[in-house]
1. In this structure, is PHE158 aromatic (Phe, Trp, Tyr), within 30 Å of MET288 (Cα to Cα), in contact (Cβ under 8 Å) with a residue 24 or more places away in the chain and away from ligand 1 (no atom under 16 Å from the Cβ)?
2. Name the residue that is nearest to ligand 2 (Cβ to nearest atom), counting only residues in the range 239-258 that are in a strand (DSSP E or B) and crowded, with 23+ Cβ neighbours inside 10 Å.
3. So which residues in the range 50-69 are open to solvent by less than 50 Å² (accessible area, probe 1.4 Å) and away from ligand 2 (no atom under 14 Å from the Cβ), if there are any at all?
4. Go through the range 187-216 and report how many residues are under 13 Å from HIS175 (Cα atoms), polar (S, T, N, Q) and within 13 Å of ligand 3 (Cβ to nearest atom).
5. Considering only residues that are over 22 Å from LYS136 (Cα atoms), within 11 Å of ligand 2 (Cβ to nearest atom) and surrounded by fewer than 19 Cβ atoms within 10 Å (Cβ to Cβ), which ones fall in the range 193-211?
6. Of all residues in the range 44-88, which are under 15 Å from PHE236 (Cα atoms) and part of a loop (DSSP other than H, G, I, E, B)?
7. If you scan the range 274-330, which residues turn out to be part of a helix (DSSP H, G or I), open to solvent by 50 Å² or more (accessible area, probe 1.4 Å) and out of contact with any Gly (no Cβ under 8 Å at 6 or more places or on another chain)?
8. Sort out which residues of the range 71-82 are open to solvent by 50 Å² or more (accessible area, probe 1.4 Å) and either without any contact (Cβ under 8 Å) to a residue 40 or more places away in the chain or in contact with a helix residue (DSSP H, G or I) (Cβ under 7 Å, 6 or more places away or on another chain) (or both), and write them in order of number.
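The values are calculated or read from the model by the stated rules, or taken from the named source; none is laboratory data. Everything numeric here is computed off the predicted structure, so don't read it as measured data. For neighbour counting, all protein chains shown are included, and Cβ atoms are generated from backbone atoms with ideal geometry for every residue, glycine included. Each accessible area value is taken on the protein alone, full model and side chains, heavy atoms only, with ligands, DNA and RNA left out. Shrake-Rupley method; radii C 1.70, N 1.55, O 1.52, S 1.80 Å.
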Amino acid sequence: MVVVSTTPVQSKRYIGTEIPVIDLSCRREIAQEEIVNACEEYGFFKVINHAIPNDVVAKMEAVGLEFFAKPVTEKQQAGPANPLGYGCKSIGPNGDTGEVEYLLLHANQQLPAKIICEENQIEFSCVVMEYVGSVKELACEILELLAQGLGLEDTETFSRLIRDIESDSLLRLNHYPSYNCNKEDNNKVGRVGFGEHSDPQIITLLRSNGVAGLQILSPSTDAGSWVPVPPDPAAFFVNVGDALQAMTNGRLVSVRHRAMVTSYATRMSTVFFGGPPLHAWISPIPEMITTQRPRRYRSFTWSEFKKMMYSLRLGHNRLELFRFKAEEEA
Ligand SMILES: C=C1C[C@]23C[C@@]1(O)CC[C@H]2[C@@]12CC[C@H](O)[C@@](C)(C(=O)O1)[C@H]2[C@@H]3C(=O)O
Ligand SMILES: O=C(O)CCC(=O)C(=O)O
Ligand SMILES: [Fe+2]
């Protein structure tokens with residue numbers, strides 16, 4: 001079975017309905033089609049039966065939790081996040097805040113600063129490297145299925161950018177506290193851990209412990225409604241990023257999402273952002289430009305996009321600033 005009913009979402013294709021679940025052990029042709037459908041409709045899906053070994057995931061979770069359990073003064077030695085490193089409550093350089101502490105690492109570079117003590121530093125980087133290697137492979141497998149499902153002649157169009165040794169991919173560990181509250185407070189609108197945004201890169205692969213918190217903005221309701229994503233520590237949650245929306249000329253959607261804090265337990269998410277090299281050009285693939293879907297975005301380098309994104313707030317719809325205007329590109 002490929003699509004399994006989980007959480008209700010308003011939708012055209014998943015009538016009724018549910019967050020798409022892609023079973024990677026099923027036939028390639030089925031997975032390809034389901035991935036394309038999910039990315040067109042939500043920009044989001046859950047992956048089960050992936051090939052990432054449990055111990056790779058378990059070790060990553062253990063070193064992450066060990067890091068966040070350290071005294072604040074020790075954690076601060078890996079900060080402040082600029083943008084890499086340890087951060088607490090402050091997200092990005094433009095005043096965004098949330099109830100979260102995090103560690104943001106580059107996937108291809110040395111660790112940014114001292115992370116805990118020397119002997120743990122070596123173990124920490126080995127675990128991170130192994131996790132990043134596995135999750136990057138899964139990201140590339142998904143991107144190749146996606147390219148095949150879209151009927152692209154070059155099925156490595158997307159994955160090549162992530163496999164590139166200069167790929168600007170990141171790994172982020174987010175740690176959300178639980179909070180004490182009385183019964184009445186518990187029924188009130190929740191607290192925001194990580195505010196509404198889309199991810200800027202090509203693809204994001206997220207997993208978390210078994211605590212709820214992630215929500216996606218359902219694109220098919222007018223005002224948009226927040227759909228809770230039930231936690232599944234054995235699965236990966238995948239979302240389309242802004243760069244993939246641009247490359248597919250808007251056919252695939254970069255989903256807006258956020259993370260809420262719960263009152264019952266702390267949550268940790270481990271998030272891989274597959275990004276292109278800084279010098280890579282991002283532009284709509286010619287096969288994605290048709291008379292029904294005329295060119296929507298201009299060409300830009302990832303470095304240009306990143307510079308713009310760091311000048312904007314978390315929730316900004318930044319891709320709109322890269323709309324195609326025929327007279328400019330000619
Ligand atoms: C407010 C910001 C934080 C962010 C960079 C930005 O200026 C806008 C995008 C933010 C985001 C969201 C997804 C990822 O968590 C992230 C690492 C990214 O690439 O874009 C963060 C950035 C960050 O925290 O540095
Ligand atoms: O922790 C989560 O569930 C979401 C985190 C997130 O969206 C991010 O780090 O970009
Ligand atoms: Fe995100």
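1. yes
2. Selected residue: HIS257.
3. HIS50, ILE52, VAL56, VAL57, MET60, VAL63, PHE67
4. Within the range 187-216, residues that are under 13 Å from HIS175 (Cα atoms), polar (S, T, N, Q) and within 13 Å of ligand 3 (Cβ to nearest atom) number 1.
5. Within the range 193-211, GLY195, GLU196, VAL211 meet the criteria.
6. ASN49, HIS50, ALA51, ILE52, PRO53
7. Correct list: PRO286, SER303, GLU304, LYS307, MET308, GLU320, LEU321, ALA326, GLU327, GLU328, GLU329.
8. Residues satisfying the conditions are PRO71, VAL72, THR73, GLN76, GLN77, PRO80, ASN82.
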